[in-house]
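Reviewing the structure listed below.
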Amino acid sequence: MPNFIHRVEYYLPEKTIDCVQLDTEKPDWNISDTLPKTGVRFLHHAAAEETTLDMAYKAASKALEGLEKKPDTLIVCTQTPDYLLPHCSAMLQDKLGLDRSTKCFDLSLGCSGYGYGLATGYCYLKAGISKRVLLVTVDNYSKIISSENKKAFLLFSDGASATVLENPDNDPIFHFGTDGGRNKAVICENSGISVVTGKASQDTIQKPNFEMDGYGVFLFTLGTIPTEILKLVEKANLTLDDIDLFIFHQASRYVLESIGKKLNIPDEKLIIDLEEVGNTTSSSIPIALKRTEEAGKLKRGSKILTFGFGIGLSWSGVIFNY
């Protein structure tokens with residue numbers, strides 16, 4: 001019986017920042033008070049010359065190692081591509097040496113991206129368009145977040161994941177939503193075509209700058225996501241008790257604990273894996289999946305509920321048998 005998720009691998013940059021050490025360098029940030037809420041001690045930052053494509057390749061190479069049947073479809077989910085064009089998946093297809101018949105395209109999504117990527121891959125498999133899909137998530141946030149942006153700097157890490165998908169016997173259940181009216185709650189200013197739109201040719205182009213309304217996003221998350229999780233469970237004709245593990249987007253320890261309390265999820269079923277990794281946006285769920293498996297807590301046949309939420313503001317949930 002083929003599993004929907006055949007394999008998951010990930011890559012985190014070697015360069016790390018210890019937030020405890022950072023506390024001595026930036027005493028005015030009061031990081032020791034922040035740590036219990038973020039749950040993040042170590043941040044991973046790509047090297048100065050390390051690109052989004054580089055990280056995607058490192059994760060994807062691990063996922064493809066030893067595979068006899070290569071994927072015929074490549075999906076890359078990123079909001080920090082090396083270029084506006086060409087698409088990252090085309091560059092990655094070439095770097096991986098995948099066949100020219102490989103279907104390649106990008107998804108521009110952040111923290112909800114893994115669920116959207118799983119659903120897209122699933123649809124290609126079910127429609128017979130694809131026989132095996134490689135879903136890569138990757139973001140290079142350290143290059144768009146100012147070192148003086150306290151709230152964002154202490155949360156986000158760079159990283160990539162690669163998931164090999166196959167047509168499963170037991171179909172996953174999906175659930176999505178978007179509150180586009182709050183789209184500017186998380187935004188990268190001075191990015192895309194906006195840097196030149198309406199500007200004179202001699203105007204200086206500003207660097208991309210990540211901004212987040214942390215409190216607004218928190219209110220959205222606690223006001224919206226628990227209800228949407230219940231909708232997904234109902235859609236699957238299950239109860240919360242039927243779920244073996246809940247692996248949500250690793251936004252922050254406080255956010256995860258708040259959702260858990262609101263839904264009365266037992267601590268042993270709620271995965272919180274932030275301390276050594278940080279918030280890796282669309283990669284946070286697959287990285288947590290793999291690390292939970294490596295820790296022996298996630299086993300084949302387990303019923304998993306994943307739920308991503310954030311940029312957009314959007315959300316995506318999936319229930320599947322691992």
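The values are calculated or read from the model by the stated rules, or taken from the named source; none is laboratory data. Since the structure is predicted, the reported quantities are computational estimates derived from the model, not experimental observations. Cβ sites come from the backbone with ideal geometry, for glycine too, and all protein chains shown count toward neighbours. Heads up: the accessible areas ignore ligands, DNA and RNA and are worked out on the full protein's heavy atoms, side chains in. Shrake-Rupley method; radii C 1.70, N 1.55, O 1.52, S 1.80 Å.
Projecting the Cα positions of Gln79, Ala251, Tyr322 onto the charge dipole of the chain (unit charges on Cβ atoms of Lys, Arg, Asp and Glu, taken about the Cα centre) puts Tyr322 furthest along the positive direction. Around the amide H of Ile247, modelled in the peptide plane, lie the amide H atoms of Leu305, Thr306, Phe307, all under 5 Å away and 5 or more residues distant in sequence or on another chain. Assuming charge only on the beta carbon of Lys and Arg (+1) and of Asp and Glu (-1), the dipole of the chain about its Cα centre is about 640 debye to the nearest 20. Under the membrane-span-like helix rule (DSSP H runs whose alpha carbons stretch at least 20 Å along the helix axis, mean Kyte-Doolittle hydropathy -0.5 or higher), the chain yields 214-235. Taking the chain as a Gaussian network of alpha-carbon nodes connected by springs under 10 Å, the highest mean-square fluctuation of the residues Ile187, Ile75, Ile272 belongs to Ile187.
Take the chain with all the other protein chains still there, run a 1.4 Å probe, and you get 45 Å² of accessible area per residue. Sparse packing (at most 14 other Cβ atoms within 10 Å of the Cβ) combined with a DSSP loop state is found for the following trypsin sites (Lys or Arg not before Pro) in the stretch 224-322: Lys297, Lys299, Arg300. Considering only Gly113, Ile287, His44, the residue lying farthest towards the positive end of the dipole of the chain is Gly113, judged by Cα position with unit charges set on Cβ. Of the chymotrypsin sites (Phe, Trp or Tyr not before Pro) found in the stretch 246-286, no site is in coil according to DSSP while having at most 14 other Cβ atoms within 10 Å of its Cβ.
Available extension along the chain between Gln21 and Ser302 is 97.3 nm, counting 0.36 nm per residue and deducting the alpha carbon span. Given the pairs Lys70/Lys95; Lys184/Lys261; Lys58/Lys184; Lys62/Lys126; Lys131/Lys235; Lys269/Lys290, which are separated by over 22 angstrom at their Cα positions? The answer is Lys184/Lys261; Lys58/Lys184; Lys62/Lys126; Lys131/Lys235. Residues whose amide H lies under 5 Å from that of Arg132, counting only those 5 or more places away or on a different chain, are Asp72, Thr73; hydrogens are built 1.01 Å from N in the peptide plane. Only Lys, Arg, Asp and Glu carry charge here, each on its Cβ (+1 for the first two, -1 for the last two); on that basis the stretch 168-322 has a dipole of about 180 debye about its Cα centre.
Split the accessible area of the chain by element, probe 1.4 Å, and carbon with sulfur accounts for 50%.
The loop-placed trypsin sites (Lys or Arg not before Pro) in the stretch 39-90, going by DSSP, that have at most 13 neighbouring Cβ atoms within 10 Å of their Cβ come out as Lys69.
If you wrap the tightest convex hull around every Cα atom of the chain and split its volume per residue, you get 147 Å³. Look at where the Cα atoms of the stretch 99-116 and of the stretch 157-228 average out, and the two centres are 15 Å apart. Here the Gaussian network model covers the chain, with springs between Cα atoms less than 10 Å apart; of Leu219, Leu274, Leu256, Leu219 fluctuates the most.
Centroid-to-centroid, using Cα positions, the stretch 246-295 and the stretch 22-51 are 19 Å apart. Computed from backbone phi, the HN-Hα couplings of the stretch 127-136 come to 7, x, 6, 10, 10, 8, 10, 10, 9, 10 Hz, rounded to whole numbers (Karplus: 6.51 cos²θ - 1.76 cosθ + 1.60, θ = phi - 60°; Gly and Pro given as x).
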